Amino acid sequence: MADPPLSIEQIRELLPHREPMLLVDRVLEITATTTVAEKLVSANEPHFRGHFPERPVMPGVLIVEALAQAGGIGILWNYPEFRGRGLALVGIDKARFRRPVVPGDVLRLTVTKQTRRGDLWRCTGSATVQGERAADAEFMAAFLDWEGGS
């Protein structure tokens, strides 16, 4: 696999998610502790039909999911021995939503790995639009073994 930036095809090699739940469009940078990625927010995404039709806003839970996916990419990039295992979001703390994310925005996702205890990872993430903070969260993810892998 080539060094970052990563294309959508390379992201699909790392994550098991597929549309409409794949929420990272490109990865700009990966270091040992930090991943920087982007989500291109499109009016065609299915959640905008109901959230909210007249004033579409990306749901906060999907912003946190995008942060978690960016974190998962960084972990899987740096620890290839975990590839093929399921990675699940297992906890969210201190989530704050500071500005609406709307169609046309480019959501920049910055995730930093804080600690690791076995298969459990704690990360912090921040999502911004044009340098303005949209959301922050701390979250935990864990590797799971399931039949068929990821």
Take every Cα pair under 8 Å in the stretch 8-144 that's 6+ residues apart, average their separations, divide by the length, and report that relative contact order as a whole percent.
27
In the neighborhood of Met21, defined by Cβ-to-Cβ distances under 15 Å, what is the net charge if each Lys or Arg adds +1 and each Asp or Glu adds -1?
-1
Exposure proxy ranking, count of Cβ atoms within 10 Å, fewest first, for Met140, Met1, Met58:
Met1, Met140, Met58
About the Cα centre of the chain, how large is the charge dipole given +1 on each Lys and Arg Cβ and -1 on each Asp and Glu Cβ? Please answer in debye to the nearest 20.
420
The chain: calculated mean residue ellipticity at 222 nm from DSSP helix runs of at least 4, using -39500 (n - 2.57):
-5500 deg cm²/dmol
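Using a/c under 1.5 as the rounded threshold, could you call the chain rounded, prolate or oblate? The axes a ≥ b ≥ c are square roots of the C-alpha gyration tensor eigenvalues, and prolate needs a/b larger than b/c, oblate otherwise.
Working: a/c = 1.61, a/b = 1.50, b/c = 1.07.
It is prolate, given that a/c is not under 1.5 and a/b is the larger ratio.
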Asp136, Asp93 arranged by Cβ crowding within 10 Å, fewest neighbours leading
Asp93, Asp136
Which loop GluC sites (Glu not before Pro) in the stretch 1-77, with loop taken from DSSP, have no more than 12 other Cβ atoms within 10 angstrom of their Cβ?
Glu54
Determine the distance separating the Cα centre of the stretch 119-139 from the Cα centre of the stretch 58-112; give it in Å without decimals.
7
Give me Leu67, Leu120, Leu109 ranked fewest to most by other Cβ atoms within 10 Å of their Cβ, as a rough exposure proxy.
Leu120, Leu109, Leu67
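Readers should treat all values here as calculations from the given coordinates under stated rules, not as data from a laboratory. Computed from a predicted model, the values in this text were never measured in an experiment. Heads up, the Cβs are rebuilt from the backbone with ideal geometry, glycines too, and the neighbour counts pull from every protein chain shown.
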